Amino acid sequence: MEKRVRVLVAKPGLDGHDRGAKVVARALRDAGFEVIYTGLRQTPEQIAEAALQEDVNVIAMSILSGAHPHLFPKVVNLVKEKGMDDVLIIGGGVIPDSDIPALKAAGLAEVFTPGTTTSAIVEFIKANVK
Amino acid sequence: MDIAKEVLNGSRLALSRAITAVENEHDDAVDIMKKLYPHTGRAFVLGITGPPGAGKSTLTDKLAKEFRNRGKTVGIVAVDPTSPFSGGAILGDRIRMNELTLDEGVFIRSMGTRGSLGGLSRKTAEAVKIMDAFGKDVIFIETVGVGQSEVDIVSAADTTLVVLVPGLGDDIQAIKAGILEIGDVFAINKADREGADKLNIELNMMLDLDGNMNKQWRPPIKQTIAHQNEGVIELLETLEEHYEQLKSTGQLTTRRTERTKNELLNILKNEIGNYVLGKITESGQFDKLVKDVEGRMDDPYSVVNNIIKDMLK
């Protein structure tokens, strides 16, 4: 039986900068994960549905626009509504430390802010993926 | 949950989980396929292949939308390469298909090749069957960007569309063997670029040399500009025409019989291989045989003959 970790990398909301998301996607690929990259300007509905169709183990989202308090929790709820209870959902981007406790309370497993190494993200996924 | 039953009841989550079970060879995979198999064989399976960057994903997106306009439900299996070094992959075909994500009549699944070299993933055929049993009318298989010889798509699809773009080579490319031989329909995408007419002429010459005059179907060549949705309707109608032609001439049955035969042989080879390997490794015999062959005390042909004589009496 083969287990291969599948990760959806998505950019919710309207900011148009995906360099960071691409760097993370590449690092996850090199760590042996299958990365489904969906690109810019995704709605929470699109992310949740893509996660269902791809049966991913992890959703990794990046936001630089400041819309994270609204968009991250929405994705968490939509994913649960679809019956996927075992998905590890993580976020990253320009996110003030003061926002992080609320995001974690809303169901995000971890939030990665600027300066995080890609290997820290890889290690976190390996340690926490179900 | 009984995944197979849920798939047949129309659960998208079950459909997704079933593909994972098969792709990762979970214990219940064979059982799921057994239950779904009687419900397969109804969908029109359309293969889309061509070099990287030719526009396969964009064309798939547009064709899928047009099938949806015509009331058909659509499944898409999109294959991208797995890294031979890390085993990881970037599966990026969905980027071109984002508008389809929220259409409930469409289901898209990305797959990594995971070591398979023919342009498909190891379990593409099974993913197609699961979508077929789910009730999808049309199922696209989008291959990895291919070079010249990744032609597994032929045995997996009913109709194969080869997507080409101008400017990739001179006319000697057109007479080589490989992917140019497998097209039932050709699309010259990005047809607004220089060289589209020349490519058209070269493909036509190639098809003339094939002795297509006497064949029932001469692969048509259509020009498209996928991102502007140009030529898509005409292309779709040509693809349907080919499928109708396959049905009316009995070729569809021939192709599918061939597919069933290969499928059966593959499963048989696999199972026998696993069975035999299990027996000889269990008894510790295998390592000794390898040593014998390596030391030239025996040859691999006699070794295999003896194993088979022993085991399959």
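So here's what we get for this one:
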{"item": "Restricting region B:133-157 to residues that are within 19 Å of residue B:61 (Cα to Cα) and acidic (Asp, Glu), the residue that is surrounded by the fewest Cβ atoms within 10 Å (Cβ to Cβ)", "result": "B:137"}
{"item": "Residue identified as out of contact with any strand residue (DSSP E or B) (no Cβ under 8 Å at 6 or more places or on another chain) and of a type in the set (Ser, Thr, Tyr) among B:110, B:116", "result": "B:116"}
{"item": "Output for region A:38-65, where each listed residue is modelled with pLDDT of 95 or more and at the interface with chain B (Cβ under 7 Å from one of its Cβ atoms)", "result": "A:45, A:46, A:49, A:50, A:52, A:53, A:54, A:55"}
{"item": "Whichever residue in region B:85-111 is more than 19 Å from residue B:73 (Cα to Cα) and either hydrophobic (A, V, I, L, M, F, W, C) or at pLDDT 95 or above (or both) and, among such residues, is nearest to the chain's Cα centre (by Cα)", "result": "B:111"}
{"item": "Any chance residue B:91 is more than 12 Å from every other protein chain (Cβ to nearest Cβ), of a type in the set (A, V, I, L, M), in contact (Cβ under 8 Å) with a residue 12 or more places away in the chain and under 22 Å from residue A:5 (Cα atoms)", "result": "no"}
{"item": "Residue that is farthest from the other protein chains (Cβ to nearest Cβ) [pool: residues in region B:94-119 that are surrounded by 20 or more Cβ atoms within 10 Å (Cβ to Cβ), hydrophobic (A, V, I, L, M, F, W, C) and in contact with a Gly (Cβ under 9 Å, 6 or more places away or on another chain)]", "result": "B:106"}
{"item": "Hits in region B:229-262 - residues which are exposed (fewer than 14 other Cβ atoms within 10 Å of the Cβ) and either of a type in the set (S, T, N, Q) or farther than 20 Å from residue B:162 by Cα (or both)", "result": "B:247, B:248, B:249, B:250, B:253, B:254, B:257, B:258, B:260, B:261, B:262"}
{"item": "Criterion violated by residue B:216 - all others in (1) assigned to a helix (DSSP H, G or I); (2) assigned by TED's automatic domain parsing to the domain that holds residue B:138; (3) of a type outside the set (A, V, I, L, M, F, W, C) satisfied", "result": "(1)"}
{"item": "Selection from region B:121-145 of residues that are of a type in the set (Val, Ile, Thr) and touching a residue at least 60 places away in the same chain (Cβ under 8 Å)", "result": "B:128, B:130, B:138, B:139, B:141, B:143, B:144"}
{"item": "Spans of strands (runs of 3 or more DSSP E) in region A:1-74 with at least 3 residues closer than 17 Å to residue B:109 by Cβ and of a type in the set (A, V, I, L, M)", "result": "A:6-10"}
{"item": "Residues satisfying the stated conditions in region B:91-128, i.e. part of a helix (DSSP H, G or I) and not assigned by TED's automatic domain parsing to the domain that holds residue B:69", "result": "B:124, B:125, B:126, B:127, B:128"}
{"item": "Members of region B:5-57 that are within 13 Å of chain A (Cβ to nearest Cβ) and either among the polar types (S, T, N, Q) or part of a loop (DSSP other than H, G, I, E, B) (or both)", "result": "B:11, B:16, B:20, B:24, B:25, B:26, B:27, B:28, B:57"}
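The values are calculated or read from the model by the stated rules, or taken from the named source; none is laboratory data. Keep in mind that what you see is a predicted model, and the values were worked out from it rather than measured. Note that each Cβ is placed from the backbone with ideal geometry, even for glycine, and that neighbours are counted across all protein chains shown.
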